[in-house]
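Peer 1: My structure is below; once you've seen it, I'll send some questions.
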Amino acid sequence: MIIILTQCFPTRVGGIETLMYDIASNLSFKHDVKVLADEHDTYKDLEFDKNNNNFSIFRFKGLKFFRKRKKFNQLKKICNANKIDVVISDSWKSLELPINFLKENKIPIISLAHGNEIIVKNDNHLKRIKKILEMTNAVVVNSTYTKNLLTKISGNLKKIEVIYPGIQSNNNITEQNIDLNYGNPTLLTLARLEKRKGHLLILKSIFNLKKIYPNIQYIIAGEGDQLENIKNEIKNYNLDTNVKLVGTINESQKKFIFSKTDIMVMPTLDETHVNSIEGFGIAYIEAAQYGIPAIASNVGGTTEAVLHNKTGLIINNINELDESIKKLIENKQYRTELGQNAKIRVDNELNWKKQIERYNKLINDFQ
């Protein structure tokens, strides 16, 4: 049996949430998997869990202090009644309470590391991260960049494994139409609306490029604390007919939007001073699955998600954004070639069948 401890899980939306679900789902083909997750939305969670037949999901709600203890109590019940092959945690944070119990019972532990949660805030924060991760059997990181962050924190980790996030097949997904402002070309940013994703900088580029391409369209998919700032910039730049905010979208709506998209644009910013960095960037490879090239910045682990001049463009300075977008708009053959390369890479290297083999090997090594 495998237990997955996570604070991030659907119906909450985000890259880590998608990753944790995909890991649970793919591991369940060979293992009995139980997920212990935080509750996000009572009604939506119930509907989601009811439609999931591959593995068991336990939800925990309430204030953080009590939620963590309820989850820990459930973990102990499961561990005391079953042989546990491994516990996989979404991050070191989910292990703080149960780590000693797991070690005492000699249960192997894998912690994931994504980027933001291992940016050190102060000495006490550093001690907490080191203590937990040094007690794990392995840490799975989403990029070499994140691995380098970890090695600066501790040289005593037993094993660090770089496993890129995988992508599920989209063959069985039916497109669901949503209202869009159709134009040409069409750009997309699929991400949480937070400062480091670069939405405001993209809007400035759309304003500049509108003078050359009056019908340019920019789709913003996602929700977050930057929504009002984004709305204000759209108004300031007079881009109401060129920008479409679609909010949170499901997989069927995502497939429809990707079918209308020419370029995925997400020039992320280095926000490490406020504990925010892009450790990899699942949205880039989601777009790649549909043959869409991406424009990213040389920040964090994005250069491993987007390969410069092969699956998209990496800019070293935000001042390069306008010209990079223009380059892909003007040269359709080059844009198509990058998109095809991106799709081939996802299909051959980043599919979940291949990625989950690496997780299974890691788990088997503990036996």
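The values are calculated or read from the model by the stated rules, or taken from the named source; none is laboratory data. Computed from a predicted model, the values in this text were never measured in an experiment. Every residue, glycine among them, receives a Cβ derived from its backbone with ideal geometry; neighbour counts consider all protein chains shown.
Peer 1: Of the residues that make up the stretch 115-131, is at least one at pLDDT 95 or above and of a type in the set (Asp, Glu)?
Peer 2: No, the stretch 115-131 contains no residue that is at pLDDT 95 or above and of a type in the set (Asp, Glu).
Peer 1: For the structure I just gave you, tell me whether LYS210 is more than 22 Å from GLU320 (Cα to Cα), without any contact (Cβ under 8 Å) to a residue 60 or more places away in the chain and outside the structural domain of PHE48 (by TED's automatic domain parsing).
Peer 2: no
Peer 1: Wholly within the stretch 237-355, which strands (runs of 3 or more DSSP E) include no fewer than the required count, namely at least 1 residues that are touching an Asp or Glu at 6+ places or on another chain (Cβ under 6 Å)?
Peer 2: Counting at least 1 such residues, we get 243-247.
Peer 1: Something else about it: Taking the stretch 184-228, which residues are among the hydroxyl-bearing types (Ser, Thr, Tyr) and out of contact with any Pro (no Cβ under 7 Å at 6 or more places or on another chain)?
Peer 2: THR186, THR189, SER205, TYR218, listed by residue number.
Peer 1: Could you say which residue among LYS244, LYS235, LYS211, LYS231 is closer than 18 Å to LEU328 by Cβ and out of contact with any helix residue (DSSP H, G or I) (no Cβ under 8 Å at 6 or more places or on another chain)?
Peer 2: Residue meeting the stated conditions: LYS211.
Peer 1: Could you tell me whether THR174 is surrounded by 15 or more Cβ atoms within 10 Å (Cβ to Cβ) and either assigned to a loop (DSSP other than H, G, I, E, B) or hydroxyl-bearing (Ser, Thr, Tyr) (or both)?
Peer 2: Criteria not met by THR174.
Peer 1: So ILE219 ticks every box in (1) in contact with a Ser or Thr (Cβ under 6 Å, 6 or more places away or on another chain); (2) β-branched (Val, Ile, Thr); (3) closer than 19 Å to LYS260 by Cβ but one. Which box is left unticked?
Peer 2: Status for ILE219: all satisfied but (1).
Peer 1: Something else: I'd like the residue in the stretch 304-324 that is over 15 Å from the mean Cα position of the chain (by Cα) and farther than 22 Å from ASN208 by Cβ and, out of all such residues, is surrounded by the most Cβ atoms within 10 Å (Cβ to Cβ).
Peer 2: THR311
Peer 1: Tally the residues that are within 22 Å of the chain's Cα centre (by Cα) and among the β-branched types (Val, Ile, Thr), restricting the search to the stretch 325-362.
Peer 2: Of the residues in the stretch 325-362, 3 are within 22 Å of the chain's Cα centre (by Cα) and among the β-branched types (Val, Ile, Thr).
Peer 1: In addition: I'd like the residue in the stretch 13-29 that is part of a helix (DSSP H, G or I) and of a type in the set (Gly, Ala, Ser) and, out of all such residues, is surrounded by the fewest Cβ atoms within 10 Å (Cβ to Cβ).
Peer 2: Among those residues, the one meeting the criterion is SER25.
Peer 1: A further question follows. Show the residue pairs meeting these rules: Cβ distance below 7 Å; 6+ apart or different chains; first residue within the stretch 232-245 and at negative phi; second residue in a loop (DSSP other than H, G, I, E, B) and basic (Lys, Arg).
Peer 2: Final answer for the pair search is ASN242/LYS210.
Peer 1: Inside the stretch 138-178, can you point out the residues that are touching a residue at least 24 places away in the same chain (Cβ under 8 Å) and either hydroxyl-bearing (Ser, Thr, Tyr) or within 30 Å of LYS210 (Cβ to Cβ) (or both)?
Peer 2: SER143, THR144, TYR145, THR146, SER154, TYR164, SER169, THR174, GLU175, GLN176, ASN177, ILE178, listed by residue number.
Peer 1: Let me ask something else about it. Return only the number of the condition from (1) assigned to a helix (DSSP H, G or I); (2) of a type in the set (Val, Ile, Thr); (3) over 23 Å from ASN184 (Cβ atoms) that ILE234 does not satisfy.
Peer 2: Result: ILE234 passes all but (3).
Peer 1: Report whether or not ASN208 is part of a loop (DSSP other than H, G, I, E, B) and either more than 20 Å from the chain's Cα centre (by Cα) or not acidic (Asp, Glu) (or both).
Peer 2: no
Peer 1: Any residue at all in the stretch 142-149 that's part of a helix (DSSP H, G or I), more than 17 Å from the chain's Cα centre (by Cα) and surrounded by 18 or more Cβ atoms within 10 Å (Cβ to Cβ)?
Peer 2: The answer is yes, given that some residue of the stretch 142-149 is part of a helix (DSSP H, G or I), more than 17 Å from the chain's Cα centre (by Cα) and surrounded by 18 or more Cβ atoms within 10 Å (Cβ to Cβ).
Peer 1: Just name the residue that is nearest to LEU97 (Cα to Cα) out of those in the stretch 124-141 that are surrounded by 17 or more Cβ atoms within 10 Å (Cβ to Cβ) and polar (S, T, N, Q).
Peer 2: Restricting to residues being surrounded by 17 or more Cβ atoms within 10 Å (Cβ to Cβ) and polar (S, T, N, Q), the top hit is THR136.
Peer 1: Would you check if there is a residue in the stretch 64-77 being of a type outside the set (Phe, Trp, Tyr) and over 25 Å from LEU133 (Cα atoms)?
Peer 2: No, the stretch 64-77 contains no residue that is of a type outside the set (Phe, Trp, Tyr) and over 25 Å from LEU133 (Cα atoms).
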